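Following: one structure in C-alpha cells, then a few remarks.
The values are calculated or read from the model by the stated rules, or taken from the named source; none is laboratory data. Just so you know, these numbers come straight off a predicted model, no measurement behind them. FYI the Cβ positions are ideal-geometry reconstructions off the backbone, even for glycines, and counts take in every protein chain you see.
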Amino acid sequence: MEAGHKIMVQDLKLPEGIEIETEGDREVVSVSHPKGQAEEPETEETAVEEPAADSANAVSAE
C-alpha cells in the first residue's frame, strides 16, 4: 500500500456466511504521510554527557 491508498468495507473479502452490517463505502484503512519526524529515544550511546568539573576552577585547601 502507498500513501493515499484506502480500503473500503466493500473491498473486504469475507468468509462465506459472514455479512457486514454497515455501508460498503465506509473507510476501514487509509495510509497517510507522517506529519513530522519522530524523535529517536535517547540511549546510553546518544546521551549527552555532563562535562566533568574543571580542575582549574577547583578550590584548593592549601
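Based on this model, can you work out whether P51 counts as within 26 Å of the chain's Cα centre (by Cα), at pLDDT below 80 and assigned to a loop (DSSP other than H, G, I, E, B)? Reasoning before the result, please.
Values: within 26 Å of the chain's Cα centre (by Cα): no; at pLDDT below 80: yes; assigned to a loop (DSSP other than H, G, I, E, B): yes.
Against the criterion (within 26 Å of the chain's Cα centre (by Cα), at pLDDT below 80 and assigned to a loop (DSSP other than H, G, I, E, B)), P51 does not qualify.
I need the full set of residues from region 2-42 which are within 28 Å of the chain's Cα centre (by Cα) and of a type in the set (A, V, I, L, M, F, W, C), in order please.
Correct list: A3, I7, M8, V9, L12, V28, V29, V31, A38.
So the check is Cβ under 9 Å with 6+ separation or different chains; which pairs have a first residue in region 32-43 that's within 21 Å of H5 (Cα to Cα) and a second one that's hydrophobic (A, V, I, L, M, F, W, C)?
From residues that are within 21 Å of H5 (Cα to Cα), the pairs are S32/A3; H33/A3.
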